Amino acid sequence: MYSLKDLVIYFLKLGTWGFGGPVALVGYMHRDLVENKKWISEEDYKEGLALSQLAPGPLAAQLSIYLGYVHHGVMGATLAGIAFVLPSFLMVLAIGYAYVEFGGLPWMQAVFYGIGAAVIGIIFIGSYKLTTKSIGKEKLFWAIFIVLTVATFITEEENIWLILLAGVVVWFAKAPPKIFTSQTISLTFILELLPSAIESKLLQIGWFFTKAGAFVFGSGLAIVPFLYGGVVKEYHWLTEQQFLDAVAVAMITPGPVVITVGFIGFLVAGAPGACVAALATFLPCYLFTVIPAPYFKKYGKHPAIKAFVDGVTAAAIGAIAGAVLVLGKRTLIDMPTIIIALSTAVLLFKFKKLQEPFIIMAAAIIGLFLKLFL
């Protein structure tokens with residue numbers, strides 16, 4: 001049995017070195033905690049992934065919170081979530097300070113040019129392993145996987161209703177209910193509307209990012225359109241270029257992509273703005289994970305619940321695969337990026353123990369060289 005200290009150290013390391021966004025991060029957690037360390041069972045991982053997909057908020061952060069809860073309860077969930085988010089939050093604070101002091105970071109796009117391509121290779125391998133491990137040979141799961149992959153690729157967003165429908169389909173196929181009862185367990189969170197005129201900018205930041213954390217479903221990338229609509233179009237806190245730089249910062253730093261909220265908060269209101277934005281974004285996803293977690297643990301082995309979770313898991317993995325294709329379409333824009341991505345995938349497939357941070361560093365250097373010197 002691993003200790004709480006072991007778990008916290010693991011998530012601190014993952015938050016420090018875990019590049020690639022939500023798709024890669026959930027793959028790392030499966031590889032490290034389920035396959036290699038065997039701290040988490042396959043069943044607990046699948047339940048956590050299903051709950052993370054069903055609840056609003058950033059996927060990878062929610063999964064880290066749930067996996068912390070599995071053997072160490074609320075304390076484990078809290079410390080795992082903090083340990084996972086803290087390293088990247090401190091990094092974006094430092095980058096935000098440099099950005100403000102030096103008037104933008106021209107090298108950022110050059111670095112992301114190389115890293116972005118390598119990340120596609122990393123998440124492709126992660127998605128491949130997750131798919132082959134979790135889907136198995138079940139034809140129904142493969143059908144759900146394909147439908148969600150195609151739907152996510154076409155719409156460029158994760159559809160929560162399709163994911164729920166997949167759970168219901170497998171439930172009726174594998175463990176059809178004999179009778180329907182009116183007794184249901186529901187969990188409702190009601191956020192009362194604040195007055196439209198809020199004098200304090202920190203209160204504005206807190207309210208806006210609470211909505212972002214509470215009402216945006218899907219991976220960390222799903223929050224980007226919501227943030228754009230608020231910080232650029234509605235509040236005019238950032239320019240278009242500043243917002244694009246904020247997204248780039250999230251992609252070139254390890255940990256959850258959603259940590260871009262810390263960078264945005266810093267640009268709007270300094271360090272206090274960064275802290276308020278991060279806390280407001282992650283608190284709802286923490287509550288949406290910890291509160292239902294006991295029910296998932298208690299009833300997760302019931303045939304009907306298990307069938308529903310299996311369906312949601314197949315759909316979630318399909319959505320992840322679709323996200324890989326969407327990211328690839330946007331990132332692989334020329335021959336050098338395609339070569340970097342393919343080389344990364346081949347290296348990771350052939351050399352199982354090769355560490356991703358070394359690939360990320362090499363890709364960053366290649367990107368700088370290609371963009372700044374050629």
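Some points to look at:
- Using the Cβ-Cβ distance between His236 and Thr132 with R0 = 56 Å, the FRET efficiency computed as 1/(1 + (r/R0)^6) comes to roughly 0.75.
- Overall form of region 252-336 per C-alpha gyration tensor (a/c, 1.5; a/b vs b/c): oblate
- Net charge of neighbours whose Cβ lies under 15 Å from the Cβ of Ala80, counting Lys and Arg as +1 and Asp and Glu as -1: 0
- Virtual paramagnetic centre 7 Å along Cα→Cβ of Ile339, amide N under 20 Å, in region 69-113: 110-113
- Packing rank of 228-237, 358-367, 344-353, where each peptide gets the mean count of other beta carbons within 10 Å, highest leading: 358-367, 228-237, 344-353
- For region 1-84: rounded, prolate or oblate by the Cα gyration tensor [a/c cutoff 1.5]: rounded
- Set of lysines with alpha-carbon distance to Lys5 below 23 Å, sequence-local pairs under 8 removed: Lys13, Lys37, Lys38, Lys297
- In the chain, helical runs assigned H by DSSP with n ≥ 4 each contribute -39500 (n - 2.57); averaged across all residues and rounded to the nearest 500, the mean residue ellipticity at 222 nm is -24500 deg cm²/dmol.
- Global geometry of region 41-157, whether rounded, prolate or oblate, following the gyration tensor of its Cα atoms and the 1.5 cut on a/c: oblate
- Residue among Leu354, Leu267, Leu86 with the largest mean-square fluctuation in a Gaussian network model of the chain, springs linking Cα atoms under 10 Å: Leu354
- Bridging of Lys201 to lysines at a Cα separation below 27 Å is possible for Lys211, Lys233, once same-chain residues fewer than 8 apart are set aside.
- Rounded to 0.05, the FRET efficiency of the Val74 and Phe373 pair, given R0 = 51 Å and the Cβ-Cβ distance, is 0.50.
- Relative contact order of the chain, taken over Cα pairs closer than 8 Å and 6 or more residues apart, is 35 percent.
- Derived scalar couplings between HN and Hα for region 138-145 equal 5, 5, 5, 5, 5, 4, 4, 4 Hz in order, rounded to whole Hz, by the Karplus curve 6.51 cos²θ - 1.76 cosθ + 1.60 (θ = phi - 60°), x for Gly and Pro.
- Sites Ser3 and Met361, calculated FRET efficiency, Cβ-Cβ separation with R0 25 Å, nearest 0.05: 0.20
- Among 160-172, 11-23, 60-72, the order from most to least packed when residues are scored by Cβ within 10 Å on average: 60-72, 11-23, 160-172
- Annotation for Val168 and Phe226: the two label points, set 7 Å from Cα along the Cα-Cβ direction, are 2.3 nm apart.
Rule-based calculations on the coordinates, nothing more; no lab input. Remember, predicted model here, so these are calculated numbers, not experimental data. Backbone-built Cβ (ideal geometry, glycine too); neighbour counts: all protein chains shown.
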